[in-house]
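To start, the structure itself, in structure tokens.
A short reminder: the numbers here are calculations on the coordinates, not readings from a lab. Only a predicted model underlies this, so the values are computations on that prediction, with no experimental measurement involved. Cβ placement follows ideal geometry from the backbone for every residue including glycine, while neighbour counts extend to all protein chains displayed.
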Amino acid sequence: MMLENMVALVTGGSRGIGRAICKRLASMGALVGINYVANPTAADETLAQIEAAGGKGFTVRFDVADTEAAQEAIKDIISTHGQIDILVNNAGITRDGLMARMKEDDWDSVLDTNLKGAFCCSKAAMRPMMKKRWGRIINVSSVVGFTGNSGQVNYSAAKAGLVGLTKSMARELAGRNVTVNCVAPGFIGTDMTDGLPEDVQEALKTQIPLGAMGTPEDVAGAVAFLASSDSNYVTGQTLHVNGGMYMGH
Amino acid sequence: MAVEDKMIDIIVEQLSVDRDKVVPGASFVDDLGADSLDLVELIMAMEEEFDVEIPDEEAEKIVTVQNAIDFVAKIQD
């Protein structure tokens, strides 16, 4: 139980990768805040699965793209539970389309949720971490932030932006023993990827040396490492979880 | 005196320094070993404690213990 007595907040924790991260952190002993915005039933289901496994959690509704709402909600969590020790900026949306036809709104909403949301939540959560001289911020980026992907100029820009945010924050907060890292998932089986046509999914698999899609649990394992004291000396890094489809620089 | 005592409490806590080093003429950076992040945290702690907002251009002028005490005394008038 490496995370006993710790409080974690996972944005976008109701489904997919976020749900797997919530469950994993709870299984390590953390009290996990499951943030969601649109789907209370899914968030309740995540909580039910955590509790069924003997873990502890709570659900918290706010839109990470709504700066004030996010700050208020995080303040409330800090005053109720005394602390946030681990923040996982996982909330993400897609509004795919070729750039020639992409609406400005599609750019703004993806950047607001995926990049600005991480900035706002981190800003609200970092102060008690700095005071405690211990904290973990983990941003969920994506392989497309490194490789690019046609149809995803907005999403890949936001995900690449998270890497820069991570490195600068890591430098600013290192003196307070708060580490900031990224996890960059590749092709992971979730609602987000289930929508792709079968032939596209098959074609993608041929690009993956390990020959299969990843699971949300694979990503949760990387987050668990970065959240634990096993990663004390790791900051400003990106941990790629992609079956080898991209091997870094 | 209350303001001064409170201010010294904040400085002692934020910068983890001995109380007897927190004299009016002490510079946060040169005498009390503060770095830039310490200064930001100190300003944020002042904002919280005294329920005020300190704009960046005011914050930049707060470089000694006396500056901080004077600033808080001024805004509380």
Item checked: Verdict on A:ALA203 being more than 14 Å from chain B (Cβ to nearest Cβ), outside any helix (DSSP H, G or I) and either of a type in the set (A, V, I, L, M) or over 20 Å from the mean Cα position of the chain (by Cα) (or both) -> no
Item checked: Out of B:GLU48, B:GLU41, B:GLU57, sole residue that is exposed (fewer than 13 other Cβ atoms within 10 Å of the Cβ) and within 14 Å of chain A (Cβ to nearest Cβ) -> B:GLU48
Checklist line | Any chance A:ALA184 is more than 14 Å from every other protein chain (Cβ to nearest Cβ), among the hydrophobic types (A, V, I, L, M, F, W, C) and either outside any strand (DSSP E or B) or without any contact (Cβ under 8 Å) to a residue 24 or more places away in the chain (or both) | finding: no
Next item on the list: Look at A:VAL7 and say whether it is touching an Asp or Glu at 6+ places or on another chain (Cβ under 6 Å), crowded, with 18+ Cβ neighbours inside 10 Å and under 18 Å from A:GLY117 (Cα atoms).
Entry: no
Margin query: Quick check on segment A:228-237: of everything there that is touching a helix residue (DSSP H, G or I) at 6+ places or on another chain (Cβ under 6 Å) and closer than 18 Å to A:SER168 by Cβ, which residue is surrounded by the most Cβ atoms within 10 Å (Cβ to Cβ)?
Written below: A:THR235
Margin query: Looking at segment A:15-32 only, could you name the residues that are of a type outside the set (A, V, I, L, M), free of Cβ contacts under 8 Å to residues at least 40 places away in the same chain and not in a helix (DSSP H, G or I)?
Written below: A:GLY29
Check: Looking at segment A:160-171, is at least one residue out of contact with any Asp or Glu (no Cβ under 6 Å at 6 or more places or on another chain), among the β-branched types (Val, Ile, Thr) and more than 18 Å from A:THR113 (Cα to Cα)?
Finding: no
Notebook entry, point to check: When you go through A:GLU202, A:GLU217 one by one, which is the residue that is touching a residue at least 40 places away in the same chain (Cβ under 8 Å) and farther than 20 Å from A:ASN114 by Cβ?
Noted result: A:GLU217
Check: Would you say A:VAL234 is of a type in the set (Val, Ile, Thr) and in a helix (DSSP H, G or I)?
Finding: no
Check: Among helices (runs of 4 or more DSSP H) lying entirely in chain B, which contain 2 or more residues that are more than 25 Å from A:SER168 (Cα to Cα) and of a type outside the set (Gly, Ala, Ser)?
Finding: B:2-15, B:36-50, B:65-76
Check: Given the conditions (1) in a helix (DSSP H, G or I); (2) touching a helix residue (DSSP H, G or I) at 6+ places or on another chain (Cβ under 6 Å), which single one is not true for A:ASP218?
Finding: (2)
Margin query: Can you tell me how many residues within segment A:67-122 are crowded, with 24+ Cβ neighbours inside 10 Å, outside any helix (DSSP H, G or I) and under 13 Å from the mean Cα position of the chain (by Cα)?
Written below: 7
Checklist line | Test result for A:VAL64, in a loop (DSSP other than H, G, I, E, B) and closer than 26 Å to A:LYS132 by Cα | finding: yes
Next item on the list: Would you please name the residue that is nearest to the other protein chains (Cβ to nearest Cβ), looking only at residues in segment A:142-176 that are farther than 18 Å from A:ASN89 by Cα, outside any helix (DSSP H, G or I) and of a type in the set (Gly, Ala, Ser)?
Entry: A:GLY148
Check: Do we find that A:ASP199 is more than 28 Å from A:VAL178 (Cα to Cα), loosely packed, with under 15 Cβ neighbours inside 10 Å and in contact with a helix residue (DSSP H, G or I) (Cβ under 8 Å, 6 or more places away or on another chain) in this structure?
Finding: no
Item checked: Hits in segment A:33-57 (condition: within 13 Å of A:GLY12 (Cα to Cα) and either part of a strand (DSSP E or B) or in contact with a helix residue (DSSP H, G or I) (Cβ under 7 Å, 6 or more places away or on another chain) (or both)) -> A:GLY33, A:ILE34, A:ASN35, A:TYR36, A:THR46
